[in-house]
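**Student:** Have a look at the structure that comes next, please.
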Amino acid sequence: MHDHTVNSTWYILGCGAIGTLFAAKFLQQSIHCRLLSRHQQPDQQLMRLQVTHLDNSIEHFSINASAVSSPQPIARLMVCTKSYQTLAAIESIATRLTANASIVLLQNGMGQQQLIAERFPNLTIIAATTSVGALLNAPLEVSHTGLGKSVFGAFTEKKVPEAIIDSLSSIDLQWVPDVRLQLWNKLKINAVINPLTALYNCANGELATKPNLYRKTVQLCTEIDFIDRALDWAPHCPTLADVMAVVEATAGNYSSMQQDIIHQRPTEIEFINGYLQRLADNLKLETPSNQKLIAAILLRETTYDKS
Ligand code: KPL
């Protein structure tokens, strides 16, 4: 590869629905991009990626895998793993990161961005969040299932290079000056919908239609509002209204945590409700509903069938 291509190639870590969809967005714009593979894929292997668009049209792309162990330097990294995998996933390719690499963290949850910023203080850390709907039907086969907004912004004081902003803007990510607020607003919504739908094994819409679930939703939103109002950087928007808007817009959908529990996978509870709880504890606020939900989800995770 030429030097120029090395520096402008995006490497995607985490090939779930969002990672696969954003890889396709890069390729659609003819931006060089590679998938970092943990599996024993031969380095440089050419793979086929399939996207089913919202209008049901299907598009195929060729994409190169890059084995984690490959020596190729990485100057642009997009991380789409689950939040709890972030640090270990980046550590696995840390020696390949160039001295001025940019890392985009496009994930649910909060807390992992801070961990990465502390671990790589000299790199440019960018946080991103999206509300687009995507479903992985098979490895590298993704369906775009819902329109949404995707935003990104600097997570630390380090200035984000213009070339990075341009590249991300060309794939429908919108630059925002206050990405932490955007992460926070998404976190508040996830902290209500995800654990409740996971524990009660229901679609998002049932939080509005089942009176007992609606009552639990209201209780949790009230606790979150207490935390929100105690933060000097938060906009103090009432959580319930935002949650209900998403519940209605995604009524028939199953949340990512409901899916994780159903498929006996680890959940992102520590980086969603766990993050809230750490804030509440620091602020000396009582959040019993949140605590109960965390305990209940963690308990579920311990009962997974190990066979
Ligand atoms: O982001 C989501 C998730 O499932 O993780 C919500 C907004 C709750 C939609 O289901």
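**Student:** For the stretch 9-68, which residues satisfy the criterion of being among the hydroxyl-bearing types (Ser, Thr, Tyr) and at pLDDT below 95?
**Tutor:** The first filter runs over the stretch 9-68 and keeps only residues among the hydroxyl-bearing types (Ser, Thr, Tyr), leaving 9, 11, 20, 30, 37, 52, 57, 62, 66.
Scanning the stretch 9-68 gives Ser37, Ser66.
**Student:** Kindly indicate whether Leu187 is away from the ligand (no atom under 13 Å from the Cβ) and modelled with pLDDT of 95 or more.
**Tutor:** So Leu187 fails the test.
**Student:** Among the helices (runs of 4 or more DSSP H) lying completely within the stretch 200-298, list those that include at least 2 residues that are within 12 Å of the ligand (Cβ to nearest atom), surrounded by fewer than 18 Cβ atoms within 10 Å (Cβ to Cβ) and of a type outside the set (Lys, Arg).
**Tutor:** 239-249
The values are calculated or read from the model by the stated rules, or taken from the named source; none is laboratory data. A quick note: this is a predicted structure, and the numbers were derived from the prediction, not measured. Here Cβ is always computed from backbone atoms with ideal geometry, including for glycine, and neighbour counts include all displayed protein chains.
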